[in-house]
1. Give me 87, 81, 56, 37 ranked fewest to most by other Cβ atoms within 10 Å of their Cβ, as a rough exposure proxy.
2. Within a 10 angstrom radius of the beta carbon, how do 36, 47 rank from fewest other beta carbons to most?
3. Specify the inter-centroid distance of the stretch 10-58 and the stretch 63-98, based on alpha-carbon positions, in whole Å.
4. Scattering from the C-alpha atoms of the chain alone, worked out with Debye: what is log10 I(q)/I(0) at q = 0.10, 0.13, 0.25 1/Å?
5. Taking the chain as the reference, fit the longest principal axis to its C-alpha atoms, fit the long axis of helix 12-33 to the helix C-alpha atoms, and give the angle between the two in degrees, 0 to 90, nearest 10.
6. For a quick check: sort 39, 62 by the number of other beta carbons within 10 angstrom, fewest at the front.
7. With an 8 Å cut-off on Cα pairs and a minimum separation of 6 or more residues, tell me the relative contact order of the stretch 2-94 in percent.
8. Quick one: Karplus J couplings for the stretch 57-72, per residue in order, coefficients 6.51, -1.76, 1.60, θ = phi - 60°, nearest Hz, x for Gly and Pro?
Amino acid sequence: MQLIHNLRGSNSRALRNAVWALLTCVLLAPALAMPFTSEVDWSLVDFVFAAILLGTIGVACECAPRLSAPLAVRALIVIGTVAVVCTIWADAAVGIVD
């Protein structure tokens, strides 16, 4: 329960920094894999697209705790954003939606 109170408190900076660091690592993973395997072949457009999608998650994680809505609503905003981004990413990768 203390973590929930920290989302709005002074200790939220560490949590927000951890979220942005995780999103940055996800974005850098393909760049680090590209020299070692030919299966990862991203262009600049791919990285820009991924940065926009991951940035959307980051913005949702930044804005949701600042809402005065109940915790369940704030959590659903973040979970819904992650679900939409994952669906868009999967569709862009393999075309799951016609």
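1. Lowest count first: 37, 87, 56, 81.
2. 36, 47
3. Computed from Cα coordinates, the inter-centre distance equals 16 Å.
4. One equal scatterer on each Cα of the chain leads to -0.35, -0.56, -1.34.
5. It is inclined by approximately 10 degrees.
6. Values: 39 7, 62 13.
By the 10 Å Cβ count, ascending: 39, 62.
7. Averaging sequence separation for qualifying contacts and normalising by length gives 26 percent for the stretch 2-94.
8. 5, x, 5, 5, 5, 6, 7, 4, x, 7, 6, 8, 6, x, 4, 4
Here, each number is a calculation from the coordinates, and none is a lab measurement. Small disclaimer: the values here were computed from a predicted structure and weren't measured. Cβ atoms come from the backbone with ideal geometry, glycine included; neighbour counts cover every protein chain shown.
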